[in-house]
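Here's the structure we're looking at; comments come further down.
The values are calculated or read from the model by the stated rules, or taken from the named source; none is laboratory data. From a predicted model like this one, the values you see are computed outputs, not experimental measurements. Here the Cβ positions follow ideal geometry from the backbone for every residue, glycine too, while neighbour counts run over all protein chains shown. Ligands, DNA and RNA are stripped out before the accessible areas are found, and what is left, the full protein with its side chains, is counted by its heavy atoms. Shrake-Rupley method; radii C 1.70, N 1.55, O 1.52, S 1.80 Å.
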Amino acid sequence: MSGAGGRARRFARAWDDLRGRSGRRVVELVRKQVAVARAGAVLARSTASGTIGRSAARTRMTEVEHEGDEARAELVRVLRRVLATPIDREDLFRLSRSIDDVLDHLRDYVRETDLFGPEDLGFAVEPLQVVSDGLDELENAVLKMIDDPGSVTVAVLATRKACSRIRQLYQTRLTELFTGPLEMDTLRERELLSRLDAVGRRLGEAADALADAMLKRSH
(Lines give C-alpha, C1' and ligand atoms only; values in the text may rest on other atoms or scores of the structure.)
Protein backbone atom coordinates (compact mmCIF):
# COMPACT_ATOMS: atom_id res chain seq x y z
CA MET A 1 0.00 0.00 0.00
CA SER A 2 2.77 2.36 0.96
CA GLY A 3 4.58 1.54 -2.31
CA ALA A 4 1.47 2.35 -4.31
CA GLY A 5 1.03 5.56 -2.34
CA GLY A 6 4.61 6.58 -3.01
CA ARG A 7 4.22 5.96 -6.72
CA ALA A 8 1.02 8.01 -6.73
CA ARG A 9 2.76 10.93 -5.04
CA ARG A 10 5.64 10.76 -7.51
CA PHE A 11 3.21 10.69 -10.39
CA ALA A 12 1.34 13.68 -8.96
CA ARG A 13 4.58 15.65 -8.64
CA ALA A 14 5.58 14.76 -12.19
CA TRP A 15 2.16 15.82 -13.44
CA ASP A 16 2.46 19.13 -11.59
CA ASP A 17 5.89 19.64 -13.16
CA LEU A 18 4.48 19.07 -16.63
CA ARG A 19 1.66 21.53 -16.00
CA GLY A 20 4.05 24.17 -14.64
CA ARG A 21 2.61 24.19 -11.15
CA SER A 22 5.86 23.26 -9.45
CA GLY A 23 7.70 26.13 -11.10
CA ARG A 24 5.09 28.60 -9.94
CA ARG A 25 5.26 27.18 -6.44
CA VAL A 26 9.02 27.74 -6.39
CA VAL A 27 8.62 31.30 -7.68
CA GLU A 28 6.02 32.04 -5.02
CA LEU A 29 8.31 30.80 -2.25
CA VAL A 30 11.20 32.96 -3.48
CA ARG A 31 8.80 35.90 -3.73
CA LYS A 32 7.68 35.28 -0.16
CA GLN A 33 11.27 35.30 1.04
CA VAL A 34 11.85 38.66 -0.68
CA ALA A 35 8.64 40.02 0.87
CA VAL A 36 9.80 39.04 4.35
CA ALA A 37 13.16 40.74 3.77
CA ARG A 38 11.29 43.86 2.69
CA ALA A 39 9.23 43.71 5.90
CA GLY A 40 12.56 43.70 7.75
CA ALA A 41 13.70 46.78 5.82
CA VAL A 42 10.45 48.60 6.57
CA LEU A 43 10.83 47.76 10.26
CA ALA A 44 14.42 49.00 10.29
CA ARG A 45 13.36 52.25 8.61
CA SER A 46 10.60 52.71 11.18
CA THR A 47 13.25 52.47 13.88
CA ALA A 48 15.44 55.04 12.13
CA SER A 49 12.53 57.45 11.77
CA GLY A 50 11.46 56.97 15.38
CA THR A 51 8.08 55.45 14.52
CA ILE A 52 8.83 52.40 16.67
CA GLY A 53 11.09 52.06 19.69
CA ARG A 54 14.40 50.28 19.28
CA SER A 55 13.70 47.57 21.83
CA ALA A 56 10.27 46.85 20.35
CA ALA A 57 11.76 46.76 16.85
CA ARG A 58 14.39 44.29 17.99
CA THR A 59 11.69 42.00 19.37
CA ARG A 60 9.61 42.28 16.22
CA MET A 61 12.65 41.65 14.04
CA THR A 62 13.14 38.30 15.75
CA GLU A 63 9.67 37.33 14.51
CA VAL A 64 10.40 38.61 11.00
CA GLU A 65 13.64 36.64 10.90
CA HIS A 66 11.74 33.50 11.94
CA GLU A 67 9.31 34.06 9.05
CA GLY A 68 12.24 34.38 6.68
CA ASP A 69 13.83 31.18 7.97
CA GLU A 70 10.54 29.33 7.49
CA ALA A 71 10.18 30.62 3.93
CA ARG A 72 13.72 29.54 3.06
CA ALA A 73 13.27 26.13 4.69
CA GLU A 74 10.05 25.54 2.75
CA LEU A 75 11.80 26.48 -0.49
CA VAL A 76 14.56 23.97 0.23
CA ARG A 77 11.99 21.25 0.95
CA VAL A 78 10.14 21.94 -2.30
CA LEU A 79 13.36 21.96 -4.34
CA ARG A 80 14.14 18.48 -3.06
CA ARG A 81 10.82 17.17 -4.38
CA VAL A 82 10.16 18.84 -7.72
CA LEU A 83 11.58 17.61 -11.00
CA ALA A 84 11.63 20.91 -12.93
CA THR A 85 12.50 24.42 -11.70
CA PRO A 86 12.30 27.83 -13.43
CA ILE A 87 16.09 28.23 -13.14
CA ASP A 88 18.89 25.90 -12.05
CA ARG A 89 18.65 24.64 -8.48
CA GLU A 90 22.15 25.92 -7.78
CA ASP A 91 21.08 29.43 -8.79
CA LEU A 92 17.91 29.19 -6.72
CA PHE A 93 19.94 28.24 -3.66
CA ARG A 94 22.33 31.12 -4.33
CA LEU A 95 19.46 33.58 -4.77
CA SER A 96 17.70 32.34 -1.63
CA ARG A 97 20.90 32.51 0.42
CA SER A 98 21.59 36.09 -0.67
CA ILE A 99 18.06 37.18 0.24
CA ASP A 100 18.52 35.51 3.61
CA ASP A 101 21.78 37.42 4.05
CA VAL A 102 19.95 40.70 3.40
CA LEU A 103 17.54 39.91 6.22
CA ASP A 104 20.37 38.80 8.52
CA HIS A 105 22.17 42.12 8.11
CA LEU A 106 18.93 44.04 8.65
CA ARG A 107 18.45 42.05 11.85
CA ASP A 108 21.97 42.94 12.97
CA TYR A 109 21.36 46.60 12.14
CA VAL A 110 18.22 46.72 14.30
CA ARG A 111 19.99 44.86 17.10
CA GLU A 112 22.98 47.20 17.00
CA THR A 113 20.82 50.32 17.06
CA ASP A 114 19.34 49.01 20.30
CA LEU A 115 22.70 48.02 21.78
CA PHE A 116 24.86 51.03 20.98
CA GLY A 117 23.26 53.17 18.29
CA PRO A 118 23.54 56.97 18.43
CA GLU A 119 20.53 58.96 19.53
CA ASP A 120 19.87 60.30 16.03
CA LEU A 121 19.32 57.63 13.38
CA GLY A 122 18.06 60.02 10.73
CA PHE A 123 21.04 59.21 8.49
CA ALA A 124 19.65 55.69 7.98
CA VAL A 125 16.16 56.63 6.80
CA GLU A 126 17.00 57.19 3.13
CA PRO A 127 19.32 54.17 2.69
CA LEU A 128 16.71 51.89 4.24
CA GLN A 129 14.01 53.30 1.97
CA VAL A 130 16.26 52.52 -1.00
CA VAL A 131 16.71 48.97 0.34
CA SER A 132 12.92 48.57 0.40
CA ASP A 133 12.66 49.93 -3.14
CA GLY A 134 15.39 47.57 -4.33
CA LEU A 135 13.60 44.61 -2.79
CA ASP A 136 10.39 45.70 -4.52
CA GLU A 137 12.23 45.58 -7.85
CA LEU A 138 13.74 42.21 -7.01
CA GLU A 139 10.29 40.81 -6.19
CA ASN A 140 9.04 42.15 -9.52
CA ALA A 141 11.90 40.41 -11.30
CA VAL A 142 11.22 37.11 -9.51
CA LEU A 143 7.55 37.19 -10.51
CA LYS A 144 8.51 37.54 -14.18
CA MET A 145 10.71 34.43 -14.26
CA ILE A 146 8.07 32.18 -15.81
CA ASP A 147 5.65 34.37 -17.74
CA ASP A 148 7.95 37.17 -18.91
CA PRO A 149 11.56 36.00 -18.62
CA GLY A 150 12.78 38.50 -21.19
CA SER A 151 11.98 41.43 -18.87
CA VAL A 152 13.68 39.99 -15.79
CA THR A 153 16.98 41.64 -16.68
CA VAL A 154 15.40 45.11 -16.75
CA ALA A 155 13.90 44.60 -13.30
CA VAL A 156 17.21 43.27 -12.00
CA LEU A 157 18.98 46.38 -13.31
CA ALA A 158 16.59 48.47 -11.22
CA THR A 159 17.65 46.48 -8.16
CA ARG A 160 21.31 47.05 -9.04
CA LYS A 161 20.67 50.80 -9.31
CA ALA A 162 19.22 50.73 -5.81
CA CYS A 163 22.36 48.97 -4.58
CA SER A 164 24.53 51.63 -6.20
CA ARG A 165 22.46 54.33 -4.51
CA ILE A 166 22.92 52.68 -1.11
CA ARG A 167 26.67 52.65 -1.70
CA GLN A 168 26.63 56.30 -2.72
CA LEU A 169 24.67 57.33 0.37
CA TYR A 170 27.09 55.35 2.53
CA GLN A 171 30.13 57.04 1.04
CA THR A 172 28.60 60.52 1.22
CA ARG A 173 27.64 60.18 4.86
CA LEU A 174 30.99 58.65 5.75
CA THR A 175 32.75 61.64 4.15
CA GLU A 176 30.62 63.99 6.24
CA LEU A 177 31.49 62.08 9.39
CA PHE A 178 35.22 62.20 8.72
CA THR A 179 35.18 65.97 8.22
CA GLY A 180 33.75 66.52 11.69
CA PRO A 181 35.13 65.91 15.19
CA LEU A 182 35.87 62.33 16.18
CA GLU A 183 33.38 61.45 18.91
CA MET A 184 31.88 58.25 20.26
CA ASP A 185 28.67 58.79 18.29
CA THR A 186 30.80 59.15 15.15
CA LEU A 187 32.16 55.64 15.66
CA ARG A 188 28.72 54.28 16.42
CA GLU A 189 27.25 55.79 13.31
CA ARG A 190 30.14 54.50 11.22
CA GLU A 191 29.45 50.94 12.40
CA LEU A 192 25.78 51.22 11.48
CA LEU A 193 26.66 52.73 8.11
CA SER A 194 28.91 49.76 7.44
CA ARG A 195 26.03 47.46 8.29
CA LEU A 196 23.75 49.25 5.83
CA ASP A 197 26.44 49.04 3.17
CA ALA A 198 26.57 45.28 3.80
CA VAL A 199 22.80 45.09 3.28
CA GLY A 200 23.24 46.77 -0.10
CA ARG A 201 26.04 44.41 -1.10
CA ARG A 202 24.00 41.34 -0.21
CA LEU A 203 21.05 42.73 -2.17
CA GLY A 204 23.39 43.19 -5.12
CA GLU A 205 24.46 39.56 -4.83
CA ALA A 206 20.83 38.47 -4.96
CA ALA A 207 20.31 40.54 -8.11
CA ASP A 208 23.45 39.05 -9.68
CA ALA A 209 22.31 35.52 -8.83
CA LEU A 210 19.01 36.04 -10.63
CA ALA A 211 20.63 37.78 -13.60
CA ASP A 212 23.19 35.00 -14.01
CA ALA A 213 20.47 32.36 -13.79
CA MET A 214 18.39 34.01 -16.49
CA LEU A 215 21.44 34.34 -18.73
CA LYS A 216 22.12 30.60 -18.44
CA ARG A 217 18.47 29.86 -19.12
CA SER A 218 18.57 31.86 -22.36
CA HIS A 219 21.36 29.70 -23.81
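Helix by helix, which DSSP H runs in the chain go 15 Å or more along their axis at the Cα atoms and have an average Kyte-Doolittle hydropathy of -1.0 or more? Show your work: numbers first, answer last.
On the way: long enough: 2-19 (25 Å, -1.03); 21-49 (42 Å, 0.06); 54-81 (41 Å, -1.04); 89-116 (40 Å, -0.71); 125-143 (27 Å, 0.34); 152-179 (41 Å, 0.18); 184-217 (50 Å, -0.36).
Going by DSSP H runs, the hits are 21-49, 89-116, 125-143, 152-179, 184-217.
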Computed label-point distance, nm, for sites F178 and T153 using a 7 Å Cα→Cβ extension = 3.6
Looking only at lysines whose Cα falls under 21 Å of K216's and that sit 8 or more positions away or on another chain, we get K144
Round to a whole angstrom and tell me the spacing of the C-alpha centers of segment 159-219 and segment 89-145.
-> 10
Round to a whole number: what % of the accessible area of the chain belongs to carbon and sulfur, probe 1.4 Å?
-> 50
Cα gyration tensor of segment 108-219, axes a ≥ b ≥ c as square roots of the eigenvalues: rounded (a/c below 1.5), prolate (a/b > b/c) or oblate?
-> prolate
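For segment 114-169, what is the relative contact order in percent, using Cα pairs closer than 8 Å and at least 6 residues apart in sequence? Before the final figure, lay out each step's value.
Numbers: 36 pairs, mean separation 23.2, N = 56.
It comes to 41 percent, rounded to a whole number.
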Determine the per residue accessible area of segment 81-219 with all protein chains present and a 1.4 angstrom probe, expressed in square angstrom.
-> 48
Environment charge at E74 (Cβ cut-off 13 Å; Lys +1, Arg +1, Asp -1, Glu -1) | +2
Once the in-chain neighbours fewer than 8 apart are removed, the aspartates and glutamates whose Cα is under 16 Å from K161 read E126, D133, D136, E137, E139, D197, E205, D208
Percent relative contact order for segment 75-219, counting Cα pairs under 8 Å at least six residues apart, stands at 41
